[in-house]
1. Among 72-85, 29-42, what's the highest-first ranking by average C-beta atoms within 10 angstrom per residue?
2. For the range 52-62, in order, what is each residue's ³J(HN,Hα) by Karplus, 6.51 cos²θ - 1.76 cosθ + 1.60 with θ = phi - 60°, in whole Hz (x at glycine and Pro)?
Amino acid sequence: MDDGRIITFYSYKGGVGRSFELANIAVILARWGSRVLCIDWDLEAPGLHFFFEVEPKLGLLDLLTSVREGKRLHWRKFVRRLEIPGTDGRLTLMAAGRQEDRKSTR
C-alpha cells in the first residue's frame, strides 16, 4: 500500500484523545503496509511515547536545538523504530524529546 502518499494530522488544540487517535491510525496504516513516522509536536505535554510505551531519549526538541546550535545531524538519529506486532518495522516515532531535561519557563 506504500504508494508515496503523505498523510498528516494536525490539531491546534491538543488533547489525549487526539494523540491516541493518531497512534491508533498510525498502527493501522503500518499494518496495511505503509511506512509511518509519528512526530509528537506537543512540546508542552507530549503523550505519544506513553501510548507506544517507550522512554524517549532524543526527539523533536533535541533535533530543533541541534539545528539552532549549527550541528549537522541526520534526522534519523532522533527517531525510534517501534516493535509493534504486525507492523514489520514500518512504524517509527519521533518523540517530543527527553522529559527529564524539561524546565519550566513559567
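Please treat every number below as a calculation from the coordinates, not as lab data. Remember, it's a predicted structure, so these values are computed and weren't measured experimentally. Glycine also receives a Cβ, built like all others from the backbone with ideal geometry; neighbour counts cover every protein chain displayed.
1. 29-42, 72-85
2. Here the 3J(HN,Hα) series is 8, 6, 10, 8, x, 9, 10, x, 4, 4, 5 Hz.
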